[in-house]
Amino acid sequence: MSKHPIARTTLSTLIGTPVLDAAGHMVGRVREMTVDAGVDAAHVASIIYKLSGGAERGKLKSVPVAETMWTPAGTFQLTDKAQPQAFVMTEHAGPDSTVAEQNSTDHLLLLERDLLDQQIIDVHGRKVVRVNDIELQWEQNGALTHGETPDPNAEHKLRIADVEIGTRGAVRRLLKGLPHATVNAIACKFAENSIPWDFVDLIESNPARRVKLKIEGERLAKMHPSDIADILEELSPTERTALFTSLDEETAAETLEEVEPKLQKALVESLDPADVADILEEMDPAAAADLLAELPEATSDEILEEMDPEERQEVEELLEFEGTSAAGRMTTDYVSVNVSGHVADAVQALREFDGDTETITEIYLLNADEVLEGIVPLAKLILADANSELVKLAEPHFVSCNVNAASKDVIELFDKYNLRSLPIVDKDKKLAGVVHAEQVIALLRAER
C-alpha cells in the first residue's frame, strides 16, 4: 500500500473507517470528527466513533485525537492512555431545546454535519463556495508525516489542510463505501480544486446554536467592502445576517454602502434598530439618509431615535430633500475653513475630519455667514507652505449647484467641467453639502 494516503487523507475517507483498541481489536467505526474553533481551529479535536459490539453496540464514544494514532492500514488505534467518553450527538438545537447533556455537540463544530455541502467563504478568493470534502494531514510530534511508521509514544494530531470544492471531492463522496484504493484511483482522474483551510471563514448560520463557527472573522474586515458585498449577495438570508453581524461597525457601514438597495433594506430590517443606528452613524450621512428613505416611516423613525443627536440631525436634514434633487444626492461630510485662514488651518481641519477621508479632494472656503467663496484643491494644499493664505491657493473659477437642481443637471456639470466633486449651495449661496464623483457614478448605474 502506498504510504502517501496514510499521511494525507480526507474526511470522506476516514468516516466509517475502523477504530481499534490498544490491543489492535476493532471496537467501532468513525462516525464524526470535531473541531473546537475556540481552542484550536487548525486541528481535529476528537473523533466520534460508533461501537460495533457488546452491550453498548450502536452507542457513540468520543476520544481526543491525541489519544489515538494512525496505523499503516489507515485506521485509528487507541493508545494505552486513551479514555473514551460517552457522546451524545444532538441535532441543531433550537431556541426551545431542553438538551442539557454535558458533552453534546452544541459547543463543537462537527466536520461532516456542519461543513460538508455547506456554503463557506473563501476569504482568499473573495467568494462563496460549497464544501465537497475536507483534506487532512497527520502530524507526529508537531511535524507533518510522510508515511513513516507511527510511534506509539509520540503525540499525534490531525491537521485540517484544505477544503475540497471541486469535482474530486464530490466523486470521492459519491463512491463512499467502495475500497479506498478504488475510490482514490477514480477521484484522482479529476483535477484538484481546493482552498487552504487558512483562507476559509465559516458562517454561523443558526443564531440559536451556541457553536461559534467563525474562526477568524477579523480577516473579513481586511477585505474590500465591495468584495464583502458580493459575498453577502450569494448567501441565504440567515447566513447573510450572520455574516453581516460578525463585522465591526465601521466595516459593516462601508459594506452596507456597497450592496444593492433591496439587499440593504433586507439586512437593516433583520437587525435590531439600536444595532442599525450604530452602523448608520459610521456611514456617510447621504448614504444613511438614502437607506432610511427606502424603509417604512415607522422603522426609519425608530432607527433615528436610537442615533446620537448630532448624527441624527444631519441625516434628518438630508431626508427633507427630494431624492431626485441635487440636495438629495449630496453629503454633509466635507472639510471647510474660513476664507481668511492659512494652510495650517486647513491641515488641522483635515486632521479633525471624522468622515471618509478618501472622498476629500478639495477644501471649501467659507465666510462668516457660511457663504462659499472659494475652493482649494487638495494637491495645492499639500505642496504649499503652512503659512500660505488659502485664498491665494483657491481656484480662479469654481462651479456650484443649487440644492433644488435636478439630478440630470448635476450629471451634466460633472461631465462638462470634469469635476471631482460639486458643492451644493442654497438660495443664499451658503454651502449645504457636496456631491462626490462616486455618488454620480452610483446615480448613473441606478438609471441604467
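For the stretch 344-421, with all protein chains present and a 1.4 Å probe, just round the carbon and sulfur fraction of the accessible area to a whole percent. Don't skip to the answer; put the middle values down first.
On the way: 2280 of 4790 Å².
Roughly 48 percent of what the probe reaches on the stretch 344-421 is carbon or sulfur.
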Roughly how tilted is helix 297-306, in degrees to the nearest 10 and between 0 and 90, from the longest Cα axis of the chain? 90
For the chain, what class follows from the C-alpha gyration tensor (a ≥ b ≥ c being the square roots of its eigenvalues): rounded when a/c is under 1.5, otherwise prolate if a/b is larger than b/c, else oblate? prolate
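Please give the charge dipole size of the stretch 307-448, origin at the Cα centre, charges +1 on K and R Cβ atoms and -1 on D and E Cβ atoms. Round to the nearest 20 debye.
With only Lys, Arg, Asp and Glu charged at Cβ, the dipole is about 660 debye.
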Summing -39500 (n - 2.57) over the DSSP H runs of n ≥ 4 in the chain and dividing by its residue number, what mean residue ellipticity at 222 nm do you reach, to the nearest 500 deg cm²/dmol? -9000 deg cm²/dmol
On C-alpha positions alone, give me the angle between the axis of helix 225-234 and the longest principal axis of the chain, in degrees, nearest 10. 50
Of the chain, which part is the longest with no GluC sites (Glu not before Pro) in a loop (DSSP not H, G, I, E, B) and with at most 10 other C-beta atoms within 10 angstrom? 92-319
Excluding residues fewer than 8 positions from LYS429 in its own chain, the lysines with Cα under 23 Å of it are LYS392, LYS408, LYS416
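Using a cut-off of 12 Å between beta-carbons, work out the net charge of the residues near PRO296 (Lys and Arg +1, Asp and Glu -1, PRO296 not included).
Once all neighbours under 12 Å are counted, the net charge is -4.
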Taking 7 Å along the Cα-to-C-beta vector as the label spot, tell me the THR245-GLN348 distance in nanometres, rounded to one decimal. 4.5
FRET efficiency (ASP308, VAL391; Cβ distance; R0 22 Å; to 0.05) is 0.05
Heads up, the stretch 250-309 by the C-alpha gyration tensor (a ≥ b ≥ c square roots of eigenvalues; a/c under 1.5 rounded, else a/b over b/c prolate, else oblate) looks rounded
Taking the chain and dividing mean pair separation by its residue count, relative contact order in percent (alpha carbons under 8 Å, at least six apart): 10
Which trypsin sites (Lys or Arg not before Pro) from the stretch 385-429 combine a DSSP loop assignment with at most 12 other Cβ atoms within 10 Å? LYS427
For the stretch 333-399, with the dipole built from +1 on Lys and Arg beta-carbon atoms and -1 on Asp and Glu ones, taken about the Cα centre, which of LEU350, GLY374, SER388 lies farthest toward the positive end? SER388
May I ask you to compute the full-extension gain from PHE199 to ASP272, defined as 0.36 nm times their residue separation minus their alpha-carbon distance, rounded to one decimal in nm? 23.2 nm
Compute a Gaussian network model of the chain, connecting alpha carbons closer than 10 Å, and tell me which residue from GLY166, GLY54, GLY125 fluctuates the most. GLY54
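Over 24 Å apart: what share of the alpha carbon pairs of the stretch 339-448 falls there, rounded to a whole percent? Write out the running numbers ahead of the final one.
On the way: 1549 of 5995 pairs.
Percent of Cα pairs beyond 24 Å in the stretch 339-448: 26.
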Inter-site label distance for LYS222 and LYS127 at 7 Å from Cα along Cβ, in nm: 2.1
Among VAL171, VAL315, VAL259, which one shows the biggest mean-square fluctuation in a GNM of the chain, springs joining Cα atoms closer than 10 Å? VAL171
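The values are calculated or read from the model by the stated rules, or taken from the named source; none is laboratory data. As the structure is a computational prediction, the values presented were derived from the model and not from experiment. Cβ coordinates were reconstructed from backbone atoms using ideal geometry, including for glycine residues, and neighbour counts include every protein chain displayed. Side chains included, ligands, DNA and RNA excluded: accessible areas come from the protein's heavy atoms. Shrake-Rupley method; radii C 1.70, N 1.55, O 1.52, S 1.80 Å.
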